[in-house]
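**Q** Before I ask anything, let me first share the structure, which is written out below as structure tokens.
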Ligand SMILES: Cc1ncc(COP(=O)(O)O)c(C=O)c1O
């Protein structure tokens, strides 16, 4: 793939240029591992996704899924592009509020919300609570009764539909047996509607579904919608008007992908990577038509469409920059390239997703040899790539792991090293938006009981 696929360019020496700044210069100045966000690209992606849906559907509201990447400056840029917030934890709710998001433009999601979070969100006047289960509804009702406050409720339903190309080990989305949402086959929706009907403070606003992450085929949303459609009629028959339909997030990007089950096996078993032929993925036109048709055919008012994208906005706008430290060649085994990023920085997403890795100091250099790329720790998941065709690599080379904007930072861990710094770049100007962790910070939560040294005690006795 060429760097133009991501919207980046190359400098005079064929180095990767992100947001007008040379990745090699940034690596030198700020050190690596380093995440670099192209702010203009990020904003363009947010804006164009919003505009694409606004073009196809009369009333749409978009809520950025903070779980995807919660670096405050990045979240703020997305909020400035007209997005509300989709949150699923105390931290995310706090961050959205801290960044000035009005509570009414926040959606509270998740299958295990704490009572503290529910209470806080309701008191602040949260836009809607997405109810995930029958027991959760009971807890929510008790809290709403206690603080005598109305709550807008969206009911998450499980479409029981497996999007194409999903890895069958994936826990997200709507596959059979998925942990999320109300089971449409066992009468859970009816139970919940009954409770809301009798409740003093719970207000039915509509339905919610989220079918997974990294979806590449718009038709998957159409198929899932067909599974959900009878639930709107059930709500209507119970006397409820659906004012909102929230279809979650999950839109994939063209430049990286989750391994499907066979690709996962081929990669984990034999190090074989899939080929990725990037093509523009356009969801809005294919998704909106069938939704509008259904409500029109049923003579029901068209609900406002809510969406909760994360990956589609952030993934390609961020790059993880690493430096090659050591290259080892072993006869009969091959070449090992040891970098400063691995188990803690990127090995987890690279375990189940395909991401391009480029030589950032010469993106035009042709790949000629297969290498094994790893990070600096001794652990079975220290892999960047088990087998990747790269140009010849030497110590000091700068490596770019592409599409690091979605779930990399969320899954980041220390594993003996400070967590990464994050830069935002615009018009060639870089600003540090998350500084690298210090060694003191890595130990700052530890509680050390200072016991007198045995020798010291002996000395005291004398
Ligand atoms: C309920 C919900 N909404 C939105 C998202 C965001 O998904 P994505 O980043 O794939 O757009 C997720 C992520 O899994 C989710 O669980």
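Throughout, read-outs are computed from the coordinates displayed, never taken from laboratory work. Quantities reported herein were computed from a predicted structural model and do not represent experimental measurements.
**Q** If I histogram all Cα-Cα distances within segment 272-327 using bins 10 Å wide from 0, what percent of pairs lands in each bin?
**A** Using 10 Å bins, I get a P(r) of 14, 28, 26, 17, 9, 4, 1 for segment 272-327.
**Q** Could you work out the relative contact order of segment 110-307, using alpha carbon pairs under 8 angstrom and six or more residues apart, expressed as a whole percent?
**A** Taking the mean separation of contacting Cα pairs over the length of segment 110-307, I get 21 percent.
**Q** Now for a separate question. Using only DSSP helix segments of four residues or longer, with each worth -39500 (n - 2.57), what per-residue ellipticity at 222 nm results for the chain after dividing by its residue count and rounding to 500?
**A** Mean residue ellipticity at 222 nm (helix-derived): -9500 deg cm²/dmol.
**Q** Once the Cα gyration tensor of the chain is found, what semi-axes does its equivalent ellipsoid get, as square roots of 5 times the eigenvalues, in whole Å, sorted largest first?
**A** Sorted largest first and rounded, they come to 41, 29, 21 Å.
**Q** Mind pulling the angle between the C-alpha long axis of helix 188-198 and the longest principal axis of the chain? Nearest 10 degrees, somewhere in 0 to 90.
**A** Orientation of helix 188-198: about 60 degrees from the principal axis.
**Q** Tell me, in nm to one decimal, what length is gained between residue 300 and residue 447 on full extension, where the rule is 0.36 nm per residue of separation less the Cα-Cα distance?
**A** 46.9 nm
**Q** Working out 0.36 nm times the residue gap between residue 219 and residue 352, then minus their Cα-Cα distance, what length gain in nm do you get to one decimal?
**A** Gain on stretching residue 219 to residue 352: 45.6 nm.
**Q** Quick one: helix 284-297 against the long Cα principal axis of the chain, what's the angle to the nearest 10°, folded into 0 to 90?
**A** Value to nearest ten degrees: 10.
**Q** At q = 0.28, 0.30, 0.32 Å⁻¹, what log₁₀ I(q)/I(0) does a Debye calculation on the Cα points of segment 362-415 give, no solvent, two decimals?
**A** Values, matching the q order: -1.29, -1.32, -1.34.
**Q** Same structure, new question: Looking at segment 110-307 from every direction and averaging, what is the projected area of its Cα convex hull in nm²?
**A** 12.2 nm²
**Q** If we restrict to alpha carbons, what Rg and Dmax does segment 335-451 come to, in Å?
**A** 16.3, 59
**Q** Per residue, what volume in Å³ does the convex hull of the Cα atoms of segment 102-142 enclose?
**A** 56 Å³
**Q** Continuing with the same structure: So how tilted is helix 218-237 from the main axis of the chain? Cα-based, degrees 0 to 90, rounded to 10.
**A** Helix 218-237 sits at roughly 30 degrees to that axis.
**Q** Let me ask you something else. Tell me the relative contact order for the chain as a rounded percent, counting alpha carbon contacts under 8 Å between residues six or more apart.
**A** So the answer I get is 20 percent.
**Q** Continuing with this model, one more query. Compute the projected area of the convex hull of the Cα atoms of segment 12-150, averaged over all viewing directions, and report it in nm² to one decimal place.
**A** 11.3 nm²
**Q** Remind me, what semi-axes does segment 269-401 give for its equivalent ellipsoid, largest first in whole Å, using sqrt of 5 times each Cα gyration tensor eigenvalue?
**A** Value: 42, 15, 14 Å, ordered largest first.
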